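Structure first, commentary second.
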Amino acid sequence: QEGSLCAQHCLNNLLQGEYFSPVELSSIAQQLDEEERMRMAEGGVSSEEYRTFLQQQPSVNMDDSGFFSIQVISNALKVWGLELILFNSPEYQRLGIDPINEKSFICNYKEHWFTVRKLGKQWFNLNSLLMGPELISDTYLALFLAQLQQEGYSIFVVKGDLPDCEADQLLQMIRVQQMQRPKLIGEEAAQSRDQRLSRSDVDQAIEVNHPFEGTGMLDEDEENFQRALALSRQEIDMEDEEADLRRAIQLSMQGSRRSELSGSLPQSVPQSSHSSQTESLSSEELRRRRQAYFEKQQQQLQQQNQTPNVQDKATLSSSTPEPGPGGDMSEEDMLQAAMNMSLESVRNHLNSEEEK
């Protein structure tokens, strides 16, 4: 529907063709206005009624929005030999005609007009506000008209023979079935707008809860994100490898201490007695003894700074690990040898890992 030209659409839907234009209906309205002005002038152009009539809007039969009065519609139908009778008038009600035996109705509420017409053997609501014709069953027609009257509509029965139309001829041979009532013209647009707003709200909620999903992230940002994940995994793997390496070094040092201490003993010392003594030493005991050894070394260095050079030489020569009396090594010498051998074993182990 264009503008408020519902009266034009009502007439053309009734006649099933483009029979009336806004210009033709405006011409009819102007003719009616002139006839009314002449009747009012019969009582005297100086009368109060005539002056009041002239002060009203330019026309009572049409306006700038495209509205046309019932008088315009009635005069337009007279061209086709058709007449309008008020449906709930006493004259028509005395006839007692069943609505399904009529051919068409014109309905009006305020400034809106639409047609209800029988095409073939079925009734259709040809309201120009709908997206298509609405099928009305014979049993529902009387109830539909009564409902319109309760809503304030004025209903007019169209009397006379309507011009032939292709739709009426086709529906005389077949019957149609309508599975869904046609929507109003603005109803579908409103529903689509509500759906777009609903989808927009859902998208915003997804963006808040999942900022990296469905937000059109740039390729560069995605690449940086993946690179950060890879570096994080690499750091975790390196930490795991370092932990495994430290554990292997610790086990190697424990094993090398035992084997190297036993190998560094003189042949005259029984192997079993010394190995049992080494096994009895815990890691904490070894740490304390190494700490004592280092403290003794530091004390000797301090004494070297305080004594003459001759005493320094004696001290240096005495600090060199030598076999004790009877060819035995002192406990401190054995710890020093064990540390040297352990470090050498760890160094060899690392070199072999690098070669792999």
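Quick notes
- Accessible-area ranking of Thr115, Thr139, largest first, probe 1.4 Å: Thr139, Thr115
- Put Arg39, Arg175 in order of accessible area, highest first, and with a 1.4 Å probe you get Arg175, Arg39.
- Note on region 81-139: semi-axes of the ellipsoid equivalent to its C-alpha gyration tensor, largest first and rounded to whole Å, are 21, 16, 10.
- Solvent-accessible surface ranking, highest first, for Phe53, Phe124, Phe225 at 1.4 angstrom: Phe225, Phe53, Phe124
- Accessible surface of Ile97 - all protein chains present, 1.4 Å probe, nearest 10 Å²: 60 Å²
- Plainly put, region 7-173 has a radius of gyration that is 1.03 times its Kirkwood radius, both from alpha-carbon atoms, as the Rg/Rh ratio.
- To the nearest 10, the accessible area of Lys118 is 60 Å² with a 1.4 Å probe.
- Accessible surface area normalised per residue over region 1-133 is 54 Å², counting heavy atoms of protein chains with a 1.4 Å rolling probe.
- Farthest positive-ward along region 7-173 dipole, Cα basis, beta-carbon charges - from Leu143, Ile85, Ser128: Leu143
- Computed lengthening from Leu301 to Ile174, 0.36 nm per intervening residue step minus Cα-Cα distance: 33.6 nm
- For Trp80, the solvent-accessible surface with a 1.4 Å probe is about 100 Å², rounded to the nearest 10.
The values are calculated or read from the model by the stated rules, or taken from the named source; none is laboratory data. Small disclaimer: the values here were computed from a predicted structure and weren't measured. Every residue, glycine among them, receives a Cβ derived from its backbone with ideal geometry; neighbour counts consider all protein chains shown. Keep in mind that these areas ignore ligands, DNA and RNA; they rest on the heavy atoms of the full protein, side chains included. Shrake-Rupley method; radii C 1.70, N 1.55, O 1.52, S 1.80 Å.
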